[in-house]
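Report on one structure; see the data block that follows.
What follows is calculated from the coordinates using simple rules that are stated; it is not laboratory data. Everything quoted here is computed from the prediction, not taken from an experiment. Glycine gets a Cβ as well: all are built from the backbone with ideal geometry, and neighbour counts include every protein chain shown.
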Amino acid sequence: MPQIFHPSLNTLSRLSIFGGAFAALGLLAISYMLVGSPYQTQVGIIHDQPVQFSHEHHVGGLGIDCRYCHTSVEISAVSGVPPTYTCMSCHSQIWSESPMLQPVRDSLKNDTPIAWAKVHDLPDFVYFHHGIHIQKGIGCVSCHGRIDQMPLTFKDKPLTMEWCLECHRHPEKYIRPYEEIFNMEWKPPGGDQLTLGRKLIEDNHIPVDRLTNCSVCHR
Amino acid sequence: MSDGSQRPAGDESPVPEPDYTIESVTDKISSIVLVRPYGYGWLVGFTISFVLMMVLLLATSVLFIKGVGIWGVRTPVMWGFAIVNFVWWVGIGHAGTLISAILLLLKQDWRTSINRFAEAMTLFAVACAGLFPILHLGRPWVFYWLFPYPNTMGMWPQWRSPLIWDVFAVTTYATVSLLFWYIGLIPDLATLRDRSKNRVAQIAYGILAMGWSGSSRHWHRYRTTYLLMAGLATPLVVSVHTIVSFDFTIAIVPGWHSTIFPPYFVAGAIFSGFAMVLTLTIPLRRIYGLQGFITAKHLENMAKIILTTGMIVAYGYFIEAFMAWYSANPYEMHQVLNSRPKGPYAHTYWQLIACNCLIPQLLWIKWFRTNPLALWVISIIVNIGMWLERYVIVVVSLSSDFLPSSWAMYHGTKWDYATLFGSMGLFLMLLFLFVRVLPVISITEMRELVHEQAGHDESHGAGGTKP
């Protein structure tokens, strides 16, 4: 009876077995890296906006407080995207002829809001409340990064559930005094975040054991 | 196990029949795959099962589009056909491992004629079973969340839930069963490779045979691996259905929260598994003329196992009722002593008692154990009975638990039935394909058995090399 296979196929078959195992593992590794990559999380990716608004200029340069525009951030679920009137409180006086601000003037003239592209978009099944985070001592910078250094706004943190849970499991690593919430450059005194964090958890009555209950975020 | 499992002697029919030689065994079994063209009957059977499988596909598609609302599950009965079918199919799968692992270690030669087929049946049954937990998820496309894998949610599955234990039990079971079946097939695949005339078949069997040459080194390793796998598979016979029973016992629902569940679930699994082996082998041996391999002796042995495990199951029902009464727990007593035998599902309960406890008692009579038709009918009744048992456990308990104001009836919808019968179509279609492309009886072990029966003095020819 003639041979069915050429002897070289012995090597090939061994290779294919090992190759198959590695290919399967490789696929898993690649998909894991993909879901954590900026392609999926949009970290560091700049979206097209109707107006080239610079937080670096307004916050870092001019020193405008976050709450001047995001008025409801301390008490409401949403921080509040400012209405065109807020922009015009300055820009009716300065840079009032700038071509860059034409969409803002159009918005005021036509009484239509500026359609900003949402940068931090949580899934609909997640309940997030800005107010409680600020009241209990989470600074803007903890989630939004150095927004005062961003010429154009991008997401600094992945906002994955893993990332949320990291803080909900160990809030003492991130919590800060209420006076320092809007301070972009705050560092814990003496570098001892943990001692301060544990004290603030006591003072602010934060129920750490309940922070990871499903219904805290999925309501 | 009964005395019927000992080697045949004297007036009992030997296994296999004595006029077989090593050559004729190989010819006879391999010809089913290689020589005989597929018959009219095969085509009709395959078509029917294929159509049924299409029904499954339709039911599943509608389910994915519309969600589990198309099923009959409504508060308070949130577990319905899906869980019933899952437990039923997993149970059926148990015969394969029992036959291949435990009977091998116990040196029961008669297992040789049925182990290949039973193992294939196990695999297909587990495949059907595996569908249902996925289908019953609200969002089946994220079924992989059941597995512990590094994810961006920062979460592990809930280790305290028996549902995650199920995932491990069933996937382990499926993997070990598949490996066991495949390792056992390798020498037979080589036989098919060497005997087939068709180039495509030669290549396909050649790849699957993984370069088997029948050298004594191959045989030595094969035999060692096979025994090791048997040892590994043995605990699975007990563990898988134990864990499936935990789905119920870990909950506090009356009628579920009972320590008798694991042992009587395992017995029930073997009971239904052997019933399914009989349901399938009786027509198979007749159609393909395999009465010489799967003899009356086999049927009788399997009947005895059904009788034994059936009585364990009956004892389980009895102890469940006794313990409910003995516990004096009003909810448990109401559930087991009132709701089941006298409640709105009483007809289902009494059908289950008839199918699982009463009718199998006919197997005490030798005529029923050796008459293929009678045995076939009994095996089907047992299968129905075991499905009803799971239905009673799942549905009756949920429909009438602690609070009478929340009691409600449950009925499967047409989609529930479509999924159940569709899964049978999938199962049968896989079996029809299996019968056409792989040897239904282990040629290797048959040759070995013939060689041993001939008194060990034959020459080591025709590929029947004694390992």
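Which ³J(HN,Hα) values, rounded to whole Hz and listed in residue order, are derived for region A:179-190 from phi using the Karplus coefficients 6.51, -1.76 and 1.60 in 6.51 cos²θ - 1.76 cosθ + 1.60 with θ = phi - 60°, glycine and proline given as x?
Result, ordered by residue: 5, 9, 3, 8, 7, 6, 10, 5, 10, x, x, x Hz.
Between A:Leu15, A:Leu28, A:Leu101, find the one with the highest GNM mean-square fluctuation for chain A; connect C-alpha pairs within less than 10 Å.
A:Leu15
What distance in nm lies between label points placed 7 Å from Cα along the C-beta direction at B:Trp156 and B:Leu358?
Label-label distance for B:Trp156 and B:Leu358, simple model: 5.0 nm.
Let me know the charge dipole size of the protein assembly as shown about its Cα centre in debye, to the nearest 20, where only the beta-carbon of Lys, Arg (+1) and Asp, Glu (-1) is charged.
On the way: 47 positive and 45 negative charges, 282 e Å.
With Lys and Arg at +1 and Asp and Glu at -1, about 1360 debye.
Given DSSP loops and a limit of at most 10 other Cβ atoms within 10 Å, what is the longest stretch of chain B that contains no such trypsin sites (Lys or Arg not before Pro)?
Details: sites that count: B:Lys107, B:Arg160, B:Lys197.
Counting at most 10 other Cβ atoms within 10 Å as exposed, the longest clean stretch of chain B is B:198-467.
How about B:Lys107: which lysines have a C-alpha closer than 24 Å to its C-alpha, ignoring those fewer than 8 places off in the same chain?
B:Lys297, B:Lys304, B:Lys466
Find how many whole Å separate the alpha carbon centroid of region B:131-207 from the alpha carbon centroid of region A:176-219.
46 Å
Select from A:Val104, A:Ile94, A:Cys217 the residue farthest towards the positive end of the dipole of chain A; place +1 on Cβ of Lys and Arg, -1 on Cβ of Asp and Glu, and compute about the Cα centre.
A:Cys217
Pick out which of A:Arg14, A:Arg105, A:Arg67 has the largest mean-square fluctuation in a Gaussian network model of chain A, springs linking Cα atoms closer than 10 Å.
A:Arg14
Taking every eigenvalue of the Cα gyration tensor of region B:349-393, multiplying by 5 and rooting it, what semi-axes result, largest first, whole Å?
Values: eigenvalues 92, 20, 6 Å².
Semi-axes from the Cα gyration tensor: 21, 10, 5 Å.
Could you tell me whether region B:281-333 comes out rounded, prolate or oblate from its Cα gyration tensor? Rule is a ≥ b ≥ c as square roots of the eigenvalues, rounded for a/c under 1.5, then prolate if a/b exceeds b/c, otherwise oblate. Working shown, then result.
Working: a/c = 10.57, a/b = 4.10, b/c = 2.58.
Since a/c reaches 1.5 and a/b is larger than b/c, the shape of region B:281-333 is classed as prolate.
How big is region A:67-194 on each of its three principal axes, counting only the C-alpha atoms and giving the largest first in Å?
Its Cα atoms span 51, 37, 25 Å along the three principal axes.
Within straight cross-link reach of A:Lys157, meaning Cα distance under 14 Å, which aspartates and glutamates are found once same-chain residues fewer than 8 apart are removed?
A:Asp121, A:Glu166
Restricting things to alpha carbons, find the Rg to Rh ratio for chain A using the Kirkwood radius for Rh.
Working: Rg = 25.1 Å, Rh = 21.3 Å.
Taking Rg over the Kirkwood Rh, I get 1.18.
What's the magnitude of the charge dipole for region A:60-111 around its Cα centre, counting Lys and Arg as +1 and Asp and Glu as -1 at the beta-carbon? Answer in Debye, nearest 20.
Working: 3 positive and 5 negative charges, 6 e Å.
With only Lys, Arg, Asp and Glu charged at Cβ, the dipole is about 20 debye.
Please identify the DSSP H helices in chain B that span no less than 20 Å along the helix axis (Cα) and have a mean Kyte-Doolittle hydropathy of 0.5 or more.
Values: long enough: B:40-66 (39 Å, 1.95); B:115-135 (30 Å, 1.32); B:162-195 (48 Å, 0.85); B:216-249 (50 Å, 0.28); B:261-287 (39 Å, 1.25); B:296-327 (45 Å, 0.65); B:372-391 (28 Å, 1.20); B:414-437 (34 Å, 1.32).
Qualifying helices, which must be both long enough and hydrophobic enough, are B:40-66, B:115-135, B:162-195, B:261-287, B:296-327, B:372-391, B:414-437.
Can you tell me the relative contact order of chain A? Whole percent, Cα pairs under 8 Å, sequence separation 6 or more. The partial results should precede the final answer.
Working: 220 pairs, mean separation 51.4, N = 219.
Relative contact order, chain A: 23 percent.
Determine Rg/Rh for region A:16-76; Rg is computed over alpha-carbon atoms and Rh is the Kirkwood hydrodynamic estimate from the same atoms. It would help to have the intermediate numbers written out before the result.
Numbers: Rg = 21.7 Å, Rh = 16.0 Å.
Value, to two decimals: 1.35.
For n ≥ 4 DSSP H runs only, could you compute -39500 (n - 2.57) per run for chain B, divide by its residues and tell me the 222 nm figure to the nearest 500? Mind dumping the intermediate values first?
Working: 16 runs with 287 residues, N = 467.
My calculation for chain B gives -21000 deg cm²/dmol from helical runs alone.
Which residue, A:Phe154, A:Phe125, A:Phe18, tops the fluctuation ranking in a GNM of chain A built on C-alpha contacts under 10 Å?
It is A:Phe18.
Just to confirm my numbers, what's the Cα centroid distance between region B:405-459 and region A:37-114 in Å?
Taking the Cα centre of each part, region B:405-459 and region A:37-114 sit 67 Å apart.
Mind checking which of B:Val377, A:Val35, B:Gly130 is farthest towards the positive end of the protein assembly as shown's charge dipole, using Cβ charges of +1 (Lys, Arg) and -1 (Asp, Glu) about the Cα centre?
Among B:Val377, A:Val35, B:Gly130, the one farthest towards the positive end of the dipole of the protein assembly as shown is B:Val377.
Mind ordering B:87-99, A:167-179, B:165-177 by average Cβ neighbours within 10 Å, highest first?
Details: B:87-99: 29.0, A:167-179: 16.3, B:165-177: 18.8.
Final packing ranking: B:87-99, B:165-177, A:167-179.
For region B:89-142, take the alpha-carbon Rg, divide it by the Kirkwood Rh, and send me Rg/Rh. Walk me through the numbers on the way to the answer.
Values: Rg = 14.5 Å, Rh = 12.2 Å.
Over the Cα atoms of region B:89-142, Rg/Rh equals 1.20.
May I ask you to list, by number, the DSSP H helices of chain A whose Cα span along the axis is at least 27 Å and whose average Kyte-Doolittle hydropathy reaches -1.0 or more?
Working: long enough: A:8-36 (41 Å, 1.37).
TM-like helix candidates: A:8-36.
Suppose each label sits 7 Å from its Cα in the direction of the beta carbon; what would the A:Phe125-A:Ser98 distance come out to in nanometres?
4.3 nm
Can you tell me the convex hull volume per residue for chain B, based on C-alpha atoms, in Å³ to the nearest whole number? Intermediate values should be presented prior to the final figure.
Details: hull volume 75.0 nm³, N = 467.
About 161 Å³ per residue, rounded to a whole number.
Which of B:Gly41, B:Thr419, B:Val253 sits farthest toward the positive end of the charge dipole of the protein assembly as shown, with +1 on the Cβ of Lys and Arg and -1 on the Cβ of Asp and Glu?
Final value for the positive-end residue is B:Gly41.
Return the calculated 222 nm mean residue ellipticity for chain A, to the nearest 500 deg cm²/dmol, obtained by summing -39500 (n - 2.57) across DSSP H runs with n ≥ 4 and dividing by the residue count. Present the calculation step by step, with values, prior to reporting the outcome.
Details: 10 runs with 89 residues, N = 219.
The helix-only estimate for chain A comes to -11500 deg cm²/dmol at 222 nm.
Which three semi-axes in whole Å describe the equivalent ellipsoid of the protein assembly as shown, each the square root of 5 times a Cα gyration tensor eigenvalue, listed largest first?
Values: eigenvalues 808, 228, 103 Å².
The equivalent ellipsoid of the protein assembly as shown has semi-axes of 64, 34, 23 Å.
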